[in-house]
Structures are given as structure tokens and as C-alpha cells.
Amino acid sequence: MRCPKCPGVLETHTYGRKITVHRCDHCHGLFCKPDVLLEMKREWMSEIVLDSGDAKIGRQYNELDNISCPDCAVPMDKVFDKHQTHIWYESCAQCEGMFFDAGEFSDLKYDTLMDRVRDFVKGRRPDT
Ligand SMILES: [Zn+2]
Ligand SMILES: [Zn+2]
């Protein structure tokens, strides 16, 4: 598959038994399906291994929109994460594929962990 954002090629990477993503060999953007994204959020260290791109470069590619799905060639929608509205990614209405620029998945996962920690701390604090 060709990268939708740059002249690079999307290469297949696997992590554990359930995770298969496609990562661009040039801009290091990640293309995956929602069920895989859930597994990636669950899997310890997956962001280090899979989201190995430079977030600075990822931010430059984040400016690019109006891209087409690398899988089905239909225009992708620009959507933001419900919980972390600063994270924008592209989503395909046809195959539900998602494209994250380098660093965006780490951002998504890190914030998810931090939210969990905050919830935990809040839950443990005694009422006064
Ligand atoms: Zn690329
Ligand atoms: Zn698609």
C-alpha cells in the first residue's frame, strides 16, 4: 500500500499475536483498524515498538488533510478523539481504517494511561 500522505510505502508490522498495523517507511504514519487500535491501547509498550516515528515530523504531516484511504481509495474524514480533542486523525467510512501521524498514537495511549491514573487517584482519595 502507498502512504496517503507522502511518497513512502506502508509496511506491515506485527506486535504480539493480535496486532497488525501498516507503517509508512518514510513519514512513519500508522494505518490500522479500530479493533487493532484497542489491542494496541491494551498492549504494554506497543507504542514504543509501533509508533517509532518522530512526533515533530508527524505534526508536519498532520497539517495535510484531504487524503484517501490507502486500502479503498475513498476520501478519509478528519475526526478527533472524543476524549482527547487535540488529537486529530483520518478515518475511512468504508473500511473503518484509521491513519495516525507519527507520535499521535503514543499521545493517545499516554493520555489514556494518565486519565486512568487520575481516576484511580480520585477514587482512592477519602471524602472530607
Ligand atoms: Zn508517509
Ligand atoms: Zn478504507
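Exposed loop sites here mean trypsin sites (Lys or Arg not before Pro) with a DSSP loop assignment and at most 15 other beta-carbon atoms within 10 Å; the chain contains its longest site-free run at 19-81. Of all lysines in the structure, the ones whose alpha carbon falls short of 21 Å from that of Lys82, not counting any fewer than 8 places away in one chain, are Lys33, Lys41, Lys109.
Taking only alpha carbon atoms, the chain gives an Rg to Rh ratio of 1.03, where Rh is the Kirkwood radius.
Here Lys5 is the anchor, and the aspartates and glutamates within straight C-alpha reach of less than 17 Å, apart from those fewer than 8 places off in the same chain, are Asp25, Asp51, Asp54, Glu63, Asp65, Asp71, Asp77, Glu90, Asp101, Glu104.
For the range 1-79, state which GluC sites (Glu not before Pro) are in a DSSP loop and have at most 12 other beta carbons lying within 10 Å of their beta carbon. Answer in residue order: Glu63. Note that the range 4-55, at 10 °C in a medium of 1.306 mPa s, gets a Stokes-Einstein diffusion coefficient of 142 µm²/s from its Kirkwood radius over C-alpha pairs. Restriction of the chymotrypsin sites (Phe, Trp or Tyr not before Pro) in the range 1-100 to DSSP coil positions whose beta-carbon has at most 15 other beta-carbons within 10 angstrom yields Trp44. About the centre of its Cα atoms, the chain shows a dipole size close to 420 debye [charges on the beta carbon of Lys, Arg (+1) and Asp, Glu (-1) only; nearest 20 debye].
A short reminder: the numbers here are calculations on the coordinates, not readings from a lab. Computed from a predicted structure; not experimentally measured. Using ideal geometry, Cβ is built from the backbone for each residue, glycine included, and neighbour counts are taken over all protein chains shown.
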